[in-house]
Amino acid sequence: MKCVLQMMLYAVMTLGVAFRVQAEQPALVFPPMTGSVVDAAQMLDSQSTVRLAKLLRAYEQTTGERIVVVTLADLQGATIEEFGAQLGDAWDLGRGGKANSALLVVDREKRKVLMEVGSGLEDRLSDAQSSLIINMLVTHEFNDSRFAIGIERGAQAMITALGGQVRDYH
């Protein structure tokens with residue numbers, strides 16, 4: 001009986017701590033979605049932004065699938081995974097339950113990158129493929145402070161992995 005009471009007390013205390021931690025976390029503030037490229041951390045020069053926006057717009061027009069690139073200066077205490085998932089929901093990237101969107105999230109401060117892929121695209125852009133793209137193409141360029149090149153290569157690789165062929169987006 002004593003063991004049961006101890007377990008119940010432990011469960012109540014654990015739930016209380018979990019609710020208190022959850023209640024103390026402030027809501028995340030997201031940048032407005034202004035298009036396919038949201039450079040909130042100002043990591044891209046204007047030419048790269050325009051080139052990337054044209055590529056992503058052409059891909060969306062060709063396939064109906066959306067890829068959005070977002071750079072962030074601050075994750076507001078969240079992990080990049082938490083921020084990316086909540087950002088995708090806040091921006092309604094699933095559009096009508098199709099879940100045919102992907103988000104390339106870049107944390108400038110920690111130089112971390114995440115691909116948040118909708119369930120409608122996961123069969124063509126898996127976690128393993130995302131990891132390879134991030135590690136071999138994106139963060140590799142970050143090591144030499146070539147952020148725009150890494151981000152562009154990442155977006156292009158996402159399109160390639162998804163089977164997209166975008167003709168003359170320049």
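In the full protein context, the range 43-170 carries 51 Å² of accessible surface per residue, based on a 1.4 Å probe and ignoring ligands, DNA and RNA. By the rule of a C-alpha distance below 14 Å, with chain neighbours fewer than 8 residues away ignored, the aspartates and glutamates paired with residue 110 are 74, 81.
Among the protein heavy atoms, those of residue 126 account for about 40 Å² of accessible surface (1.4 Å probe, every chain in place).
Using a simple spin-label model with pseudo-atoms 7 Å out from Cα toward Cβ, residue 136 and residue 160 lie 0.8 nm apart. Stretching the chain fully between residue 85 and residue 119 yields a gain of 11.0 nm (0.36 nm per residue, less the alpha carbon separation). Under the criterion of Cα pairs below 8 Å and six or more residues apart, the relative contact order for the range 44-119 equals 30 percent. If the chain linking residue 128 and residue 40 were pulled fully straight, counting 0.36 nm for each residue of separation and taking away their Cα-Cα distance, it would gain 29.0 nm. Let's see if you can work this out: charge +1 on each Lys and Arg Cβ, -1 on each Asp and Glu Cβ, no other charges. What is the dipole magnitude of the range 99-170 about its Cα centre, in debye to the nearest 20? Dipole magnitude for the range 99-170 comes out near 160 debye.
For the range 20-103, with all protein chains in place and a probe radius of 1.4 Å, 49% of the accessible heavy-atom surface sits on carbon or sulfur.
The values are calculated or read from the model by the stated rules, or taken from the named source; none is laboratory data. The structure presented is a predicted model; accordingly, all values stated were derived computationally and were not measured. All Cβ positions, even for glycine, are placed from backbone atoms using ideal geometry, and neighbour counts span all protein chains on display. Remember, those area values only see protein heavy atoms, side chains included, never the ligands or the DNA or RNA. Shrake-Rupley method; radii C 1.70, N 1.55, O 1.52, S 1.80 Å.
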